[in-house]
Amino acid sequence: QSTWGETVVFIMFVRVLATRGGVFGARALRALPTILPSFTRACRSLPFPAPVLIRRMSTASSGGTNRPPSMSGQDAGLRPSPPAGPSEGVIFEVDEATFQSKVLPLQETTPVILDYYADWCGPCKQLTPLLEQAVKKTKGAIRLAKINADDNPTLVQSLQVRSLPSVFLLFKGSVVDRFVGVPSEADLTRFVEGALKLSGGSAEGGADVSSGGVQVLAEAAEALEQNDIPKAAQLYAKVLSNSQWKDDHAVCLAGLLRCSLAEGNTEVAKDMAADLRKRFPDKLSLPVVANALAQLDLTSAFGDHPNNLSETELVERLKQNPLDHQARHDLALLLFQQGRHQAAIDEALQLVRRGRSWNEQAGKNLVLKFFDVLGVAHPLTVTNRKRLSAILFA
């Protein structure tokens, strides 16, 4: 006769075996079928759903996979499954293997909300139904991609997720909005309405809530990508002059910094970076802000370096001494400035591999700056972040 405490501990133990135990877990679970009936009765007497644990036990005992191929939200007691019918494809799960094929092409034309969650996270279970309901109302104008943080550490690292739930709005290669935790209904409406304005739609029955300067910033970013610097600067200045859009001012300053770099005004860009760091220290990790600061750092590093050797000279130095870390660092910078991004990343990763601690981990820092400039959703960032992790944790 088990006590409640013993039963709960046993359930937690079985769940760890089923989800994290690997080969050992599978073998241990195969030894449990003799007590499965009594364990099933104990689980059914609990005040919370537990069939998923029983199902995982039964599957492992029969030599199958630890995780069932599909679970309804009610049976799992964890997360609702993607909806069927008209909403099929609007709400979906992604992982490190499918992120590049499912999310990256989609976010070029459609705003995609990334929902980082974990099965054990209570607030995540509160937020998911709210997000799903809001996204369904948009009738495909917005998509929701759910990411299990426990199973996808590389995707967690790519957006520097530190708390759950964490939600990001991804559009045209940039994170244009984000929040952590469970927002109020009004804040969630504003978030979704901002996404809708990017797509040119409106929520079915949704309130006409202002999204701040999100739409103007999107237009400014598009102008900057098209190298229309005057138009981009004008739009960024419009946001910066509006006190009601103060939440967007950090992103706005980052955009103006990029405009200055595009026009070759490095000193002006440095002044803006100093102002940005002073006024918005809590916004520096935003991908758009990190992108601008990384561009400035790379431009300064390339322009201020005293050697300024040609590619041929740097390659020759490396042939003579493959451990010439400064030459490899300079070569990576030069290649990136030329737009040969993959070649630059290859050299920077080689620097990490050969001289990880050199110059206060300059190789690793250089790779991360390349990622910041390219953007979190860029295919090169997604692919090469895995290579960096493999080197660092080898």
Could you tell me how many of the residues in region 282-297 are in a helix (DSSP H, G or I) and either of a type in the set (S, T, N, Q) or within 13 Å of the chain's Cα centre (by Cα) (or both)? 4
Every pair of residues 6+ apart whose Cβ atoms lie under 9 Å, when the first sits in region 362-390 and is in contact (Cβ under 8 Å) with a residue 40 or more places away in the chain while the second is open to solvent by less than 20 Å² (accessible area, probe 1.4 Å) and part of a loop (DSSP other than H, G, I, E, B): Val376/Leu159; Ala377/Val103; Ala377/Leu104; His378/Leu104; Pro379/Leu104; Thr381/Gly375; Val382/Leu104
Picked from region 229-261 (must be more than 25 Å from the chain's Cα centre (by Cα) and open to solvent by 60 Å² or more (accessible area, probe 1.4 Å)), the residue modelled with the lowest pLDDT is Gln244
Suppose we filter Glu347, Glu311, Glu316 for residues that are without any contact (Cβ under 8 Å) to a residue 24 or more places away in the chain and open to solvent by 50 Å² or more (accessible area, probe 1.4 Å); which single one remains? Glu316
For region 99-137 the number of residues that are open to solvent by 50 Å² or more (accessible area, probe 1.4 Å) and of a type in the set (Gly, Ala, Ser) is 1
Does Asp330 count as of a type in the set (D, E, K, R), surrounded by 21 or more Cβ atoms within 10 Å (Cβ to Cβ) and closer than 24 Å to Ala292 by Cα? yes
Please verify whether region 376-394 includes one or more residues that are aromatic (Phe, Trp, Tyr), open to solvent by 70 Å² or more (accessible area, probe 1.4 Å) and part of a loop (DSSP other than H, G, I, E, B). yes
When you scan region 197-217, do you find a residue that is modelled with pLDDT of 90 or more, over 23 Å from the mean Cα position of the chain (by Cα), open to solvent by less than 60 Å² (accessible area, probe 1.4 Å) and closer than 21 Å to Val175 by Cα, even just one? no
Boolean, Asp372 is under 23 Å from Phe171 (Cα atoms), in contact with a Pro (Cβ under 8 Å, 6 or more places away or on another chain) and part of a helix (DSSP H, G or I): yes
For region 176-189, indicate whether the set of residues that are open to solvent by 10 Å² or more (accessible area, probe 1.4 Å), within 22 Å of Arg385 (Cα to Cα) and among the hydrophobic types (A, V, I, L, M, F, W, C) is non-empty. yes
Name the single residue, out of those in region 109-126 being out of contact with any Lys or Arg (no Cβ under 9 Å at 6 or more places or on another chain) and hydrophobic (A, V, I, L, M, F, W, C), that is farthest from Lys172 (Cα to Cα). Trp120
Does Val167 meet the test of being among the β-branched types (Val, Ile, Thr), within 25 Å of Asp372 (Cβ to Cβ) and open to solvent by 30 Å² or more (accessible area, probe 1.4 Å)? no
The number of residues in region 360-372 that are under 15 Å from the mean Cα position of the chain (by Cα) and open to solvent by 20 Å² or more (accessible area, probe 1.4 Å) is 2
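The values are calculated or read from the model by the stated rules, or taken from the named source; none is laboratory data. Note that the structure is predicted; figures quoted are calculated from it, not measured. Neighbour counts run over all protein chains shown; Cβ positions are idealised from the backbone, glycine included. Heads up: the accessible areas ignore ligands, DNA and RNA and are worked out on the full protein's heavy atoms, side chains in. Shrake-Rupley method; radii C 1.70, N 1.55, O 1.52, S 1.80 Å.
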